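Taking it in order: structure first as C-alpha cells, then the write-up.
The values are calculated or read from the model by the stated rules, or taken from the named source; none is laboratory data. Values in this document were obtained by computation on a predicted structure and should not be read as measured data. No Cβ is skipped: glycine too gets one built from the backbone with ideal geometry, and neighbour counts run over all protein chains shown.
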Amino acid sequence: MSVITFIINPTSGTGKSKSIPALIHSYFPTTGHAYRIRFTEYAGHAKMIVNEEIANGARIIVAVGGDGTVNEVASGLLHSQAALGIVPTGSGNGLARHLKIPMSAAKALKVIANNHVITIDSGEVNGKPFFCTSGIGFDATVSERFATIKGRGFFNYIKASLSEYRTYKPETVTDNEGYTYQGFLLTVCNANQYGNNAFICPAASLNDGELDLVEVPSIPVYKLFSFLIQLMNQTLDRNNFSTRKSFSSLTLKRKVAGPLHIDGDPVAHTSELSFRCVPKSLNVLVPIS
C-alpha cells in the first residue's frame, strides 16, 4: 500500500488550507491509501518534511498550498521516485493550472487517489529550482512589492502591479549568445503561465527539454488593456511585439543587481543569472485525460 503525505501550509493564499485536513480525513479512509498530514511552520520547512517522509516510505507527497509551497515540496522531490501531488489553495496556482489539476480541493484529492503519474521538466536559476516561471522584469519588481502587502489574493496582486507600473523602468540585459533585451517583462518559463490563468507563454511545454524566454517591451498606458486581454486569453504569442526564445541553458547579465522572482516569490538581488532546463526531473500526479 502506498503511503501519501500531505504537507499543508496553513497560511497559504486566501486561507483555504484550513478546511483541507477535515476533507482528507473524510475522503481518504475510503480509498485504501495510508496517509499522514503534516503542517509547515516556517519558510523552508516543507523541503525538510519531504526528506523525512521519503526516508519513512512516502511515495506520494502532496503540496497543499500555493506556488511557493509547491516549489518547496517539488524541490525536495527532484530526481526521486516519489511523486508530487497538488491541492491548490494559493492565490495563483500556476503549475496546478497548467497541469489541469482542479481548483476544487475535493476534486484535486480524487486526482491524487487515482495515482496517474507523469514526469515533467523543471527549471533552474543559479542552482535554485523553479517549476512555473522566473523573471527579472516588471514581474520581479511586483513580486517584491506583493511580498510586503498584508493579505494575498488576485486583487492585492493587481494593487501591487498598478503601484509599481507608474515608476518602473526596464533595464538593459544581455545574454551569453550576444543578444540584448530591454523588456518590460523578461520571463523564463517552464510552464505556460504565472498563475490565475495569466498565460505569459501559451506554447510552453513541461516535457520538451527546453525553457522559454519571453520578452515584452514597454507597454504604453493606452495598450495596457489589450495586453491584459492577450495575457488572459492565451494570445500573447500572436502579437507583433513580444518575442519568445527557446533554450536548454542561457546566462543573462545586467549592469547592477536587481530583483528576481522564482515561481512568484522574490529572492536575493543578483546581476548574473544562469538558467537551465532539467529534463524529466519531477514525477507529478495529474488528471487522467
task = Name the one entry in T69, T11, T31 that is within 19 Å of V286 (Cβ to Cβ), hydroxyl-bearing (S, T, Y) and either at pLDDT below 90 or touching a Cys at 6+ places or on another chain (Cβ under 6 Å) (or both).
result = T31
message = Being at pLDDT 90 or above and within 19 Å of the chain's Cα centre (by Cα): is that true of L250 here?
response = no
request  = Take the residues in the range 209-241 that are of a type in the set (D, E, K, R) and over 15 Å from F275 (Cβ atoms), then tell me which one is surrounded by the fewest Cβ atoms within 10 Å (Cβ to Cβ).
outcome  = R238
ask   = Is there a residue in the range 231-247 that is assigned to a strand (DSSP E or B) and either assigned by TED's automatic domain parsing to the domain that holds G90 or of a type in the set (D, E) (or both)?
value = no
inquiry  = Can you say whether L206 is modelled with pLDDT of 95 or more and not in a loop (DSSP other than H, G, I, E, B), as far as the supplied structure shows?
reply    = no
query = Has the range 97-120 got at least one residue that is in contact with a strand residue (DSSP E or B) (Cβ under 7 Å, 6 or more places away or on another chain) and closer than 11 Å to G66 by Cβ?
reply = no
query = Of the residues that make up the range 62-71, is at least one more than 19 Å from the chain's Cα centre (by Cα), in contact (Cβ under 8 Å) with a residue 60 or more places away in the chain and either closer than 16 Å to K110 by Cβ or assigned to a helix (DSSP H, G or I) (or both)?
reply = no
query = touching a Ser or Thr at 6+ places or on another chain (Cβ under 7 Å) and at pLDDT 95 or above: does that describe I54?
reply = no
message = Among (1) modelled with pLDDT of 95 or more; (2) touching a Pro at 6+ places or on another chain (Cβ under 8 Å); (3) more than 20 Å from S161 (Cα to Cα), there is one condition D237 misses while meeting the rest; what is its number?
response = (1)
query = If a residue has to be within 18 Å of N240 (Cβ to Cβ) and assigned to a loop (DSSP other than H, G, I, E, B) to count, how many in the range 183-203 make the cut?
reply = 7
ask   = Got at least one residue in the range 180-195 being under 15 Å from the mean Cα position of the chain (by Cα), modelled with pLDDT of 90 or more, crowded, with 16+ Cβ neighbours inside 10 Å and on the phi > 0 side of the Ramachandran plot?
value = yes
key: Within the range 95-123, tally of residues that are over 23 Å from F28 (Cβ atoms) and either crowded, with 22+ Cβ neighbours inside 10 Å or touching a Pro at 6+ places or on another chain (Cβ under 8 Å) (or both)   = 6
key: Criterion: of a type outside the set (K, R), surrounded by fewer than 19 Cβ atoms within 10 Å (Cβ to Cβ) and within 17 Å of T89 (Cα to Cα) - qualifying residue of E41, E52   = E41
key: Set Y42, Y35: member being closer than 30 Å to S143 by Cα, without any contact (Cβ under 8 Å) to a residue 40 or more places away in the chain and not basic (K, R)   = Y42
